[in-house]
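A.B. asks: The structure under discussion is supplied below as structure tokens; questions concerning it will follow.
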Amino acid sequence: MSRIGTFLTRTKGNRDTADRFGMQDFLAYSYLLFGVLIVLVPVAWTFFTSIKPERAVDNFDTRLLPYAQVETDIPGVGEKPVWIYTDETGTETLVYKAGPTRSVTDVATLDNPDEVFGVPRDTLEPQEVVRIATENYLDPLLKRNGQENFNFPTYLYNSVFVTVVATLITLLINAMAAFALSKYRFRGRLTFTILIVATLLIPSSIILVSLFFVVWSFGIFGSLWGVIIPAAATPTGVFLLRQYMLTIPDELLEAARMDAASEWRIFWRIVLPLSLPALSVLAILSVIWRWNDFLWPLIVLISDPNAHTLQLGLTQFAGEFNTDFHYILAMTVVTLLPITLVFVWLQRFITTGIATTGLK
Amino acid sequence: MTDQTHALELRQIRKSFGAVDVIHGIDLQIEEGEFVVFVGPSGCGKSTLLRLIAGLDDPTSGDILLQNRRVNNVPASERGLSMVFQSYALYPHMSVRANLSFGLENINMPRAEINARVDDAAKLLQIDQLLDRRPGQLSGGQRQRVAIGRAIVREPIIFLFDEPLSNLDAELRLQMRVEISNLHAQLGNTMIYVTHDQVEAMTMADRIVVLRGGRIEQVGRPLDLYNHPANKFVAGFIGAPQMNFLNGVLDGQTLRLDCGVVSDVPVARPGTGDKVTLGVRPEAIGVSLDGHGDDQVTVQNYEQLGAITYIYAAFDNGETLTVQQARQIPLQRGQKIGVTFDPTYFHIFGPDEVALEFSHASDTKDGLR
Amino acid sequence: MTLASSLMLGLLLAWIGGGAIWLLTTRRYRVTQTGRFAMDLLGFPVELAQSLFGRGGVPYALLLPNMLIFGLFTFSPMILNFYVSFTGGSSIILFDRPWIGLEKYAEIFTCEDYLVPKTCSNAGYNFFTGLYNTLWFVAIQVPIMCGVALLTALVVNRNIKGRGFWRAMFFYPVMLSPVVIANIWNWVLNRKGVLNSTLGELQGGLNALAGLTGFDMMATILLAVILIVVTERALRSGQEPSLAWTTVFAVIFALLVTWANPMSLIEMGGSFWLGCVLALGLLWVVAQGGRTARITLLVAAALSAVMLLSIQFSTVFDMGRYRPNNWLVTPNTGWPFFWLVFVFCWSHMGFYMLILLAGLQAIPRDLYEAAKMDSTKPFRAFRKITLPLVMPTLTVVIVLSLIRSFQIFDEVYLLTGGGPGRETYMIVQNIYEVAFTNSQPDYGEAAAGSVLMAVIIAVFTFFQLWITRRQSEL
């Protein structure tokens, strides 16, 4: 028996290098699959719930597909949900509830709405169709059905503004500092380097209170700039870029100087284009940081609903309407969608970029 | 089937990585105590072949026999071989002593014996002063010795060397070459050594295996390869400066070269107007400054090394010629000199680049200088 | 408009206006060179520095904006923190704040017993509750996450198909924002959420299965067959038992110990943990190799057979009705804390895995081949080569995650809000609430808390420096 097994699973080769799919591979792939399920299932579940109708969400319907109960307009009665009544012989009739749900519920058939008769509750099944509940998305986005509080365009604009402007400023000033630290010898270079290392060691959460004082005295408290500027200079970015710029040969700069280029022009015509790989890693990191920022925007922007970023808006929305899960989940999906798309598009680049720089 | 025990025997070894065939059916026997060098240009499959022998890779087909025992299914750790890697692959976080004893600890050898073996090997390689250092604190040559030491302590059936000298500077390389040769003489183990450097091959090997494109081009003792290259590739690969190749036509036993030289050659099978290539080693060409000889060439460049003079010259038809003379010669660029050829030292390669056989009586290329 | 903001506006005007005038007078631009002019204008201070002080002035001009922001928004708040912590009142204008010295610290440290926050003053109660919760969180979460990250990195680093895909999948949660993560998990962990309903269905299914006639015998036979196959597989390959199959065996062994509940013989609980410990011990012994490995495995197999016969499967699997758990809300269950640890690991593990993976890939393949030639067994190669060589990366990962998880706020605030009660109330939340959500904001106390927290983080950081120093000495 085991001989046959060996024969079947064996390919040429010895134990170390054999290509066969052994127990080790099985365990490894099972582990990976299990891990990926844990990662993906909650996200996927959120998505699948977000396209379910309100009633299904409120009833915690655990079926995967979005089932909605059929409703029809019954003459003289109005919109009513449709139920399937199964009698003792197994015949199914479409009915609607003509009275409150009791152990014996009054129902009437759709064809003959006036003829009311009582049936046991457990013989009634909702008549359902698969329907994607686009209203979960459209109501808040288009401010319909009383969903005026989720000001999606404003939040999106604020988030994009903060992300793009902060990233551009970060790239520019970090690259400038990195250029100075990597390509010039000057008095105080070590001091500056140590100062930047020092900022790496100061976590943002321990200077919250006094940073609030500083930002307030600069008059940018409550505005998007109050979120953008304090976070623009990142020690991580300076080091990442400095490390990369050190690999650019000095001869290139010398050659440009022989061509009478000014130092600033050397910076943006030669050094910046050559540092593009490191710059793009930093750009992606910066986009993730700024897009997902929570605590500092919460402090700076919370008082002005028009300055809320997407994250804040979503928090407020979830806090105010914590029963309207169908809207909350839909807006959660809307919020995670951009970053997911970016990730799917650039995943190889992001993972290798972060792995090689090894920083966050 | 032979009943003789070979240290190693390869039978019809093939190896492909995906769709790419790297080794195309190699047969080879290596005897007990031999020092065999695999040599060839990069990408010829010599390192792959070594890794197949080591058990680090599996052949796609074919058998590997160690002392007449088929070892295809034996993992690397149980083949009883040891290997010196190109990068040395010393464990960076262990001291030299730990590096040497690691493999012995793995097979649960008693501590006392491990220590004895490590000390012996260290003494043999003169690294006994370095035993408590880490690889990072050693020079290139010292690391090389440690790597060899790690191979020695396991007392393997066969030593495998994968281009072990390629990371050393020229002087150290020369020194280590001699030491490895001495080591072989002392230990008497079978050794297989991979290199792309034909000088290493010529100086160290008992037998050279020339590989190209995953095939064996020729196997033989160093001087056999030098004196009787089986084909144009081996002729060009072995020997520095490279052998000269001149195009010509073989008609009967008369060789007419494109550059104008006509010569009688004692080929075993007369030609019928085939296009052939004449190979002649730089040191087998005579020079006369007054311009007399089989033909005249123009000196384009020359190198005076004192004991040896290299002349780089060209025929009128543009074919170039390298000449080596074991004396000092006064020369000028553009100067016309006469060259003389001795058909005894000719190698003639047919259209398929295989060397043509000479009739026995005149095959006396052995012993050339 | 405050003084600082008018200063900034003036600076901006001087930059654009002055720069444009200076550039246009010293250089000539064609209309097509507008882009170049814009870039030159952007770098005007650098150009100016070069023309005034030569090349020596350039690096200072280049560093200026970055250092300005660091100075204003990182260093000065750091120092200001001390000042604010010595002042009282709720004014946001620094000069209006009265100097009260160490009063705020004294308030925090007014405790009868520092280890029991209940005995402290109100401020001290909040602070120490937050501190101890955070320390617990760090102590539990960091080892678990680093362990899982290392294990995942090791698995992904194997010769595995679609490595990029797996790597990306594990990294994906890192990209998600805390708000999104909180909403997702809030939904999953809801009392009627998908987790509870799945567990309920699972338990219902098991109950139904256990109720079948002959289930006891079937389960025994099935497990016996599995046990025999696994044992045979583990023992077959040559002299060394196969580690992978032994792992499978160990899992079954642990389950059997849990079900057979040998601890009940001495009237104690904890059979599950006994099973885990025994299984790990078994794995360890087998990984060491040698004859003891085979013998141990055989003994364990015999033990399993005895246990198997003693188990009443129908009672083991009859677990009764499932009662849905309100995971994030029910107090005194430890579940809210558990789920915080879980969600935090879920969302951050991928990042550390990526760093560890890079560390693993930096180990030359040669070393493993050399180890193979040296007859090293896989587990020994892991312990003697992989682990020491990945240790520097692992240290970095541990310290990074230590500092990060010490500052945990977003996930907690959004998932549990510090509750139930104060079970998951963390130190940053304390600072945030004291300073920003109270109707009477107490900046002084928040600043004092920040200073104390900075001291703790500094201890962590020096610990890191000390360790890395020691490692580089080796």
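A.B. asks: Modelled with pLDDT of 80 or more and more than 10 Å from chain C (Cβ to nearest Cβ): is that true of A:Trp291 in this structure?
C.D. replies: no
A.B. asks: Here is a further query. Name the single residue, out of those in the range C:15-38 being exposed (fewer than 14 other Cβ atoms within 10 Å of the Cβ) and under 19 Å from A:Ile169 (Cα atoms), that is farthest from the other protein chains (Cβ to nearest Cβ).
C.D. replies: The residue in question is C:Ile16.
A.B. asks: Within the range C:157-179, take every residue that is more than 7 Å from chain A (Cβ to nearest Cβ) and over 19 Å from the mean Cα position of the chain (by Cα) and give me the one that is nearest to C:Thr393 (Cα to Cα).
C.D. replies: Filtering first and then ranking leaves C:Asn157.
A.B. asks: Now for a different question. Select from the range A:294-314 the residues that are more than 10 Å from every other protein chain (Cβ to nearest Cβ) and under 12 Å from A:Phe152 (Cβ atoms) and list them in ascending order.
C.D. replies: A:His308
A.B. asks: Quickly run through the range B:118-151 and pick out the residues that are hydrophobic (A, V, I, L, M, F, W, C), in contact with a Phe, Trp or Tyr (Cβ under 9 Å, 6 or more places away or on another chain) and in contact (Cβ under 8 Å) with a residue 60 or more places away in the chain.
C.D. replies: Within the range B:118-151, B:Ala147, B:Ile148, B:Ala151 meet the criteria.
A.B. asks: Another question about this same structure. Filter the range C:201-235 for residues that are hydroxyl-bearing (Ser, Thr, Tyr) and either open to solvent by less than 70 Å² (accessible area, probe 1.4 Å) or part of a helix (DSSP H, G or I) (or both); which is farthest from C:Leu282 (Cα to Cα)?
C.D. replies: Here the residue is C:Thr220.
A.B. asks: Out of C:Leu303, C:Leu354, C:Leu280, I need the residue that is part of a helix (DSSP H, G or I), surrounded by 22 or more Cβ atoms within 10 Å (Cβ to Cβ) and modelled with pLDDT of 85 or more. Which one?
C.D. replies: The unique qualifying residue is C:Leu354.
A.B. asks: If a residue must be at the interface with chain A (Cβ under 8 Å from one of its Cβ atoms) and touching a Pro at 6+ places or on another chain (Cβ under 7 Å), how many such residues does the range C:180-191 contain?
C.D. replies: Number of matching residues: 3.
A.B. asks: Looking for whichever is open to solvent by 40 Å² or more (accessible area, probe 1.4 Å) and within 8 Å of chain A (Cβ to nearest Cβ) here; the options are C:Thr110, C:Thr119, C:Thr198. Which one fits?
C.D. replies: Going through C:Thr110, C:Thr119, C:Thr198 in turn, the sole match is C:Thr198.
A.B. asks: Would you check which residues across the range C:122-156 are polar (S, T, N, Q), at pLDDT 85 or above and surrounded by fewer than 20 Cβ atoms within 10 Å (Cβ to Cβ) and list them?
C.D. replies: Within the range C:122-156, none qualify.
A.B. asks: Does any residue in the range C:425-438 that is assigned by TED's automatic domain parsing to the domain that holds C:Ser405 and open to solvent by 10 Å² or more (accessible area, probe 1.4 Å) come within less than 7 Å, Cβ to Cβ, of a residue that is in a helix (DSSP H, G or I) and among the basic types (Lys, Arg) six or more places away or on a different chain, and which pairs are these?
C.D. replies: Nothing qualifies.
A.B. asks: Restrict the check to the range A:187-198 and report whether at least one residue is on the phi < 0 side of the Ramachandran plot, in contact (Cβ under 8 Å) with a residue 24 or more places away in the chain and of a type outside the set (Ser, Thr, Tyr).
C.D. replies: yes
A.B. asks: Another one. One residue is enough: does the range C:376-383 have a residue meeting the conditions crowded, with 17+ Cβ neighbours inside 10 Å and outside any helix (DSSP H, G or I)?
C.D. replies: yes
A.B. asks: The conditions are (1) outside any strand (DSSP E or B); (2) at negative phi, and B:Val36 fails exactly one of them. Which is it?
C.D. replies: Against the list (1) outside any strand (DSSP E or B); (2) at negative phi, B:Val36 comes up short only on (1).
A.B. asks: Step by step: first the residues of the range A:213-224, then only those that are at the interface with another protein chain (Cβ under 7 Å from one of its Cβ atoms) and assigned to a helix (DSSP H, G or I), then the one that is farthest from C:Gln429 (Cα to Cα). Which residue is that?
C.D. replies: A:Ser217
A.B. asks: Another question about this same structure. Mind listing whichever residues of the range C:75-102 are within 7 Å of chain A (Cβ to nearest Cβ) and open to solvent by less than 20 Å² (accessible area, probe 1.4 Å)?
C.D. replies: C:Pro77, C:Asn81, C:Val84
A.B. asks: Please specify each residue of the range B:60-82 satisfying the condition of being open to solvent by 10 Å² or more (accessible area, probe 1.4 Å) and either in contact with a helix residue (DSSP H, G or I) (Cβ under 7 Å, 6 or more places away or on another chain) or part of a loop (DSSP other than H, G, I, E, B) (or both).
C.D. replies: Once the filter is applied, which keeps residues that are open to solvent by 10 Å² or more (accessible area, probe 1.4 Å) and either in contact with a helix residue (DSSP H, G or I) (Cβ under 7 Å, 6 or more places away or on another chain) or part of a loop (DSSP other than H, G, I, E, B) (or both), the range B:60-82 yields B:Thr60, B:Gln67, B:Asn68, B:Asn72, B:Asn73, B:Val74, B:Ser77, B:Gly80.
A.B. asks: Scan the range B:96-115 for residues that are more than 8 Å from chain C (Cβ to nearest Cβ), open to solvent by 60 Å² or more (accessible area, probe 1.4 Å) and aliphatic (A, V, I, L, M) and report the count.
C.D. replies: 1
A.B. asks: Out of the range A:315-341, which residues are in contact (Cβ under 8 Å) with a residue 40 or more places away in the chain and either facing chain C (nearest Cβ under 8 Å) or of a type in the set (Gly, Ala, Ser) (or both)?
C.D. replies: A:Phe325, A:Leu329, A:Ala330, A:Thr332, A:Leu336, A:Ile339
A.B. asks: Within the range A:108-129, can one find any residue that is open to solvent by less than 20 Å² (accessible area, probe 1.4 Å) and within 23 Å of the chain's Cα centre (by Cα)?
C.D. replies: no
A.B. asks: Does the range A:55-89 hold any residues that are open to solvent by 60 Å² or more (accessible area, probe 1.4 Å), touching a residue at least 40 places away in the same chain (Cβ under 8 Å) and either more than 26 Å from the chain's Cα centre (by Cα) or farther than 17 Å from A:Ala44 by Cβ (or both), and which are they?
C.D. replies: Scanning the range A:55-89 gives A:Asp58, A:Tyr67.
A.B. asks: Within the range B:152-165, which residues are open to solvent by 40 Å² or more (accessible area, probe 1.4 Å) and touching a residue at least 60 places away in the same chain (Cβ under 8 Å)?
C.D. replies: Hits for the range B:152-165 are B:Arg154, B:Ile157.
A.B. asks: Within the group A:Leu94, A:Leu33, A:Leu27, which residue is in contact with a helix residue (DSSP H, G or I) (Cβ under 7 Å, 6 or more places away or on another chain), at pLDDT 75 or above and either open to solvent by 50 Å² or more (accessible area, probe 1.4 Å) or in a strand (DSSP E or B) (or both)?
C.D. replies: On inspection, the qualifying residue turns out to be A:Leu27.
A.B. asks: Okay, next question. Restricting to the range A:165-207, count the residues that are more than 23 Å from C:Leu400 (Cβ to Cβ) and open to solvent by less than 40 Å² (accessible area, probe 1.4 Å).
C.D. replies: Residues in the range A:165-207 being more than 23 Å from C:Leu400 (Cβ to Cβ) and open to solvent by less than 40 Å² (accessible area, probe 1.4 Å): 12 in total.
A.B. asks: Please find, among C:Gly289, C:Gly238, the residue that is out of contact with any helix residue (DSSP H, G or I) (no Cβ under 7 Å at 6 or more places or on another chain), at pLDDT below 80 and crowded, with 19+ Cβ neighbours inside 10 Å.
C.D. replies: Only one candidate qualifies: C:Gly289.
A.B. asks: Which of the residues belonging to the range A:305-345 are in a helix (DSSP H, G or I), more than 13 Å from the chain's Cα centre (by Cα) and loosely packed, with under 15 Cβ neighbours inside 10 Å?
C.D. replies: A:Pro305, A:Asn306, A:Gly319, A:Glu320, A:Trp345
The values are calculated or read from the model by the stated rules, or taken from the named source; none is laboratory data. All values derive from a computational prediction rather than experimental measurement. Quick reminder, even Gly has a Cβ in these numbers, built from the backbone with ideal geometry, and neighbours come from all protein chains shown. Each accessible area value is taken on the protein alone, full model and side chains, heavy atoms only, with ligands, DNA and RNA left out. Shrake-Rupley method; radii C 1.70, N 1.55, O 1.52, S 1.80 Å.
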